[in-house]
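Presented below is the structure to which this report refers.
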C-alpha cells in the first residue's frame, strides 16, 4: 500500500461494518432545487449604479431561466418594488404565471402591495404577511436573493 497511514486505516468494506448502503442510483433526488426559495425585492436586478434597462434585462433573464429550467423553485417571494412583477400590465408577468402553473408558489408581500398597487389585486400569486414569508424561508433548503 502506497497511501498515507490515514488512507490505510479507513479502508474498510461495508460488509465489515455490518451496514447496508442504498443503491446510489435509487437515492438520488433533486430535492435541493425543489426546496429553493427565491426572494426578489425589486422589479430589476443589480444596484442603482447599473442602467435601469440592464437591471430589467437581468430580471427578465432570471425569470425566463427559472421558468424554463428543469426544476422550479418551491416559491418566489416578492416584496418591495418586486410586487410590481405580479401585475397584469407588467411585461414579465407571463414568466411568473408559467412558474405558478409548474408548481411554484408566488408570495406577494401584502404591505408592499398595498403601498404600491393600492386596490389592484396581483395577476399571479397571492398576498401574504411577513409571518408567512418567514415561515416559507424557514421551510426552504436555501433562500436565494439575486
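Points worth noting:
- Test: residue in the stretch 79-97 that is in contact with a strand residue (DSSP E or B) (Cβ under 9 Å, 6 or more places away or on another chain) and assigned to a strand (DSSP E or B): no
- Pick from the stretch 113-129, criterion outside any loop (DSSP other than H, G, I, E, B) and within 24 Å of residue 46 (Cα to Cα), ranking: modelled with the lowest pLDDT: 117
- Some residue of the stretch 83-91 being surrounded by fewer than 16 Cβ atoms within 10 Å (Cβ to Cβ), closer than 19 Å to residue 125 by Cα and modelled with pLDDT of 95 or more: yes
- When residues in the stretch 74-112 are screened for being within 19 Å of residue 45 (Cα to Cα) and in contact (Cβ under 8 Å) with a residue 60 or more places away in the chain, 2 of them pass.
- For the condition in contact with a strand residue (DSSP E or B) (Cβ under 9 Å, 6 or more places away or on another chain), touching a residue at least 40 places away in the same chain (Cβ under 8 Å), closer than 17 Å to residue 37 by Cα and part of a helix (DSSP H, G or I), residue 66 does not qualify.
- Check on residue 110, surrounded by fewer than 17 Cβ atoms within 10 Å (Cβ to Cβ), at pLDDT 95 or above and touching a helix residue (DSSP H, G or I) at 6+ places or on another chain (Cβ under 9 Å): no
- Where residue 138 falls short, out of the listed (1) out of contact with any strand residue (DSSP E or B) (no Cβ under 6 Å at 6 or more places or on another chain); (2) in a strand (DSSP E or B): (2)
The values are calculated or read from the model by the stated rules, or taken from the named source; none is laboratory data. Everything numeric here is computed off the predicted structure, so don't read it as measured data. Cβ: placed from backbone, ideal geometry, glycine included. Neighbour counts: every protein chain shown.
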